[in-house]
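*Asks:* Before we start, here is the structure in question, set down as structure tokens.
The values are calculated or read from the model by the stated rules, or taken from the named source; none is laboratory data. Since the model is a prediction, treat every value here as computed from it, not as a measurement. Here the Cβ positions follow ideal geometry from the backbone for every residue, glycine too, while neighbour counts run over all protein chains shown. Just so you know, the surface numbers come from the protein's heavy atoms only, side chains and all, with ligands and any DNA or RNA stripped out. Shrake-Rupley method; radii C 1.70, N 1.55, O 1.52, S 1.80 Å.
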Amino acid sequence: MSNPKAYEPVDTIDVMRISQELIIKNRTAYKHLATDISPQQILDEIIPQLISLYKGHVVQIIQFENDLAYINLAVLFDDSYTLTMHQSKIGKSRKLMRAINDKYGSTTITIINCRYKDVHDPKKNSTHLYKARSGDVIWTRKETEHADE
């Protein structure tokens, strides 16, 4: 004997509203697909700028999955990168991020910053560290490159 399931009617207006919200949310992704802009093209544009901005302090750049943006990056710094340096450069980093988002769409890229040793220290935990740990390394500093600040 089976129990008949009771289904509630769906309001067509609600379905249309939800559909429109999803279209707006994903418009940037649709633009990327329509114009054949690959994530690699955007990465090729932003990574050299980040390395130039932070000079030799960047140890690695990691790309991680997240709903925040199309491309999510974690920039990992060495121990010589100080809070004072960070405070002087964070505005420039945000400006680079805004320039990419203005060019390709508002949710194209997000950038977070972490210390390399904190990401690799299992005793330390934070949302940023978890995101960096869950991603893939897409750039690593060569041993011959060092900070000049």
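*Asks:* Pick out the one residue from 90, 61 that is among the hydrophobic types (A, V, I, L, M, F, W, C), closer than 13 Å to residue 138 by Cα and at pLDDT 85 or above.
*Replies:* Details: 90 fails: closer than 13 Å to residue 138 by Cα.
One residue alone meets the criteria, 61.
Quick grid of which residues meet (1) in contact with a Ser or Thr (Cβ under 7 Å, 6 or more places away or on another chain); (2) small (Gly, Ala, Ser):
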residue	(1), (2)
60	yes, no
85	no, no
93	no, yes
139	no, no
142	no, no
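*Asks:* Here is a check on your reading of the model: is residue 123 without any contact (Cβ under 8 Å) to a residue 24 or more places away in the chain, open to solvent by 40 Å² or more (accessible area, probe 1.4 Å) and over 18 Å from residue 64 (Cα atoms)? Outline the logic, then answer.
*Replies:* Numbers: without any contact (Cβ under 8 Å) to a residue 24 or more places away in the chain: yes; open to solvent by 40 Å² or more (accessible area, probe 1.4 Å): yes; over 18 Å from residue 64 (Cα atoms): yes.
Taking the combined requirement at face value, the residue satisfies it.
*Asks:* So, in region 100-149, exactly how many residues are more than 24 Å from residue 83 (Cα to Cα), aliphatic (A, V, I, L, M) and at pLDDT below 95?
*Replies:* Of the residues in region 100-149, 1 are more than 24 Å from residue 83 (Cα to Cα), aliphatic (A, V, I, L, M) and at pLDDT below 95.
*Asks:* Is it the case that residue 55 is modelled with pLDDT under 90, open to solvent by less than 100 Å² (accessible area, probe 1.4 Å), more than 14 Å from the chain's Cα centre (by Cα) and more than 18 Å from residue 132 (Cα to Cα)? If you could, list the steps in order and put the result at the bottom.
*Replies:* On the way: modelled with pLDDT under 90: yes; open to solvent by less than 100 Å² (accessible area, probe 1.4 Å): yes; more than 14 Å from the chain's Cα centre (by Cα): yes; more than 18 Å from residue 132 (Cα to Cα): yes.
Here the answer is yes, as residue 55 does meet what is asked.
*Asks:* Same structure, new question: Mind checking which residues of region 58-89 are open to solvent by 10 Å² or more (accessible area, probe 1.4 Å), assigned to a strand (DSSP E or B) and not hydrophobic (A, V, I, L, M, F, W, C)?
*Replies:* If the condition is that a residue be open to solvent by 10 Å² or more (accessible area, probe 1.4 Å), assigned to a strand (DSSP E or B) and not hydrophobic (A, V, I, L, M, F, W, C), then 60, 63 are the ones that fit.
*Asks:* Quick check: anything in region 98-106 in a loop (DSSP other than H, G, I, E, B), open to solvent by 90 Å² or more (accessible area, probe 1.4 Å), over 15 Å from residue 46 (Cβ atoms) and small (Gly, Ala, Ser)? Explain how you work it out, then say what you get.
*Replies:* Keep residues of region 98-106 that are in a loop (DSSP other than H, G, I, E, B), which gives 105-106.
Retained after the next criterion (residues that are open to solvent by 90 Å² or more (accessible area, probe 1.4 Å)): 106.
Checking which are over 15 Å from residue 46 (Cβ atoms) leaves us with 106.
Next, only the ones that are small (Gly, Ala, Ser) stay: 106.
Within region 98-106 (the criterion being in a loop (DSSP other than H, G, I, E, B), open to solvent by 90 Å² or more (accessible area, probe 1.4 Å), over 15 Å from residue 46 (Cβ atoms) and small (Gly, Ala, Ser)), the answer is yes, since at least one residue qualifies.
*Asks:* Out of (1) within 18 Å of the chain's Cα centre (by Cα); (2) exposed (fewer than 14 other Cβ atoms within 10 Å of the Cβ); (3) within 16 Å of residue 48 (Cα to Cα), the odd one out for residue 142 is which?
*Replies:* (1)
*Asks:* Please enumerate the residues belonging to region 98-120 that are aliphatic (A, V, I, L, M) and in contact (Cβ under 8 Å) with a residue 60 or more places away in the chain. So that I can check it myself, show each step before the final result.
*Replies:* Going residue by residue through region 98-120, those that are aliphatic (A, V, I, L, M) are 99-100, 109, 111-112, 119.
Result: 109, 111.
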